[in-house]
Structures are given as C-alpha cells and as structure tokens.
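Asker: Let me begin by handing over the structure; questions about it come next.
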Amino acid sequence: MPAYVILNVDVTDPERFAEYVKTGAPTVAQYGGRYLVRGGRAEKLEGGLEPKRVVVIAFDSADRARAWWSSSEYAGPKAIRQSAALTDTILVEGV
C-alpha cells in the first residue's frame with residue numbers, strides 16, 4: 001500500500017534551508033520516493049493548521065518511508081532542516 005510523508009515546513013533560515021533542499025532530495029530518490037507537492041502555494045480551507053511550505057512525498061509503502069526517514073543518508077540533511085525550519089511531519093498510508 002502506498003504511503004505519503006507530509007511536511008508543513010516553516011522556514012526560519014532560508015539560506016541554510018536551500019542547502020537542505022539540495023542534499024535532501026537525492027535521499028528521497030534513493031528510497032524510491034517521489035515528490036507530489038514541493039512548496040507550491042498553500043491555502044487553509046478549514047481548521048487550525050497554518051500551511052507554510054507544504055511537501056508531500058509518495059513511497060511504495062510505509063516501511064519504505066520509515067526506512068528513508070531513519071536512514072543514515074537522510075540523517076545529515078534532516079539535521080540541516082531541523083536547524084533551518086520548524087516542521088510538522090506525518091506519515092499516512094493511502095491509495
């Protein structure tokens with residue numbers, strides 16, 4: 001079953017975040033992920049979530065998404081992102 005990693009990213013250091021974008025994307029591909037949404041215009045329609053830079057990454061399975069998330073390849077880029085942005089991240093299984 002496919003799974004999706006959904007991030008709502010509030011960039012606090014744009015210069016450092018640009019480094020994350022360059023280094024993080026190749027790790028997604030290594031684990032078979034593909035970007036469906038990557039920072040396009042977002043608009044709240046209902047609820048309390050304030051969308052910032054929204055990213056949706058599709059993986060073949062939740063196990064594959066978790067493998068990417070906890071991988072040594074993504075550890076460095078993840079640390080950069082965590083220092084350059086405030087991020088809410090969820091994993092959702094779906095069709």
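Bear in mind these aren't lab numbers, they're just calculated from the coordinates by the rules spelled out. Note that the structure is predicted; figures quoted are calculated from it, not measured. All Cβ positions, glycine included, derive from the backbone under ideal geometry; neighbour counts span all protein chains shown.
Asker: May I ask for the distance between the Cα centers of segment 7-57 and segment 72-95, given as a whole number of Å?
Answerer: 9
Asker: Could you quote the convex hull projected area for the chain, Cα atoms only and averaged over all directions, in nm²?
Answerer: Its Cα hull, projected and averaged over all orientations, spans 6.0 nm².
Asker: Tell me which GluC sites (Glu not before Pro) from segment 25-93 have a DSSP coil assignment and no more than 13 other beta carbons within 10 Å of their own.
Answerer: 43, 46
Asker: Toward the positive end of the charge dipole of segment 3-93, about the Cα centre and with charges on Cβ (Lys, Arg +1; Asp, Glu -1), which of 65, 90, 47 goes farthest?
Answerer: The one lying farthest along the dipole's positive direction is 65.
Asker: Charges at C-beta only: +1 for Lys and Arg, -1 for Asp and Glu. How large is the resulting dipole of the chain about its Cα centre, in Debye rounded to 20?
Answerer: The calculated dipole for the chain is roughly 200 debye.
Asker: Taking 0.36 nm per residue of sequence separation and subtracting the Cα-Cα distance, how much length would be gained by fully extending the chain between residue 10 and residue 52, in nm to one decimal?
Answerer: Stretched out fully, the residue 10 to residue 52 stretch lengthens by 14.6 nm.
Asker: Identify the trypsin sites (Lys or Arg not before Pro) of segment 11-95 meeting these criteria: DSSP loop state and at most 11 other C-beta atoms within 10 Å of the C-beta.
Answerer: 41, 44
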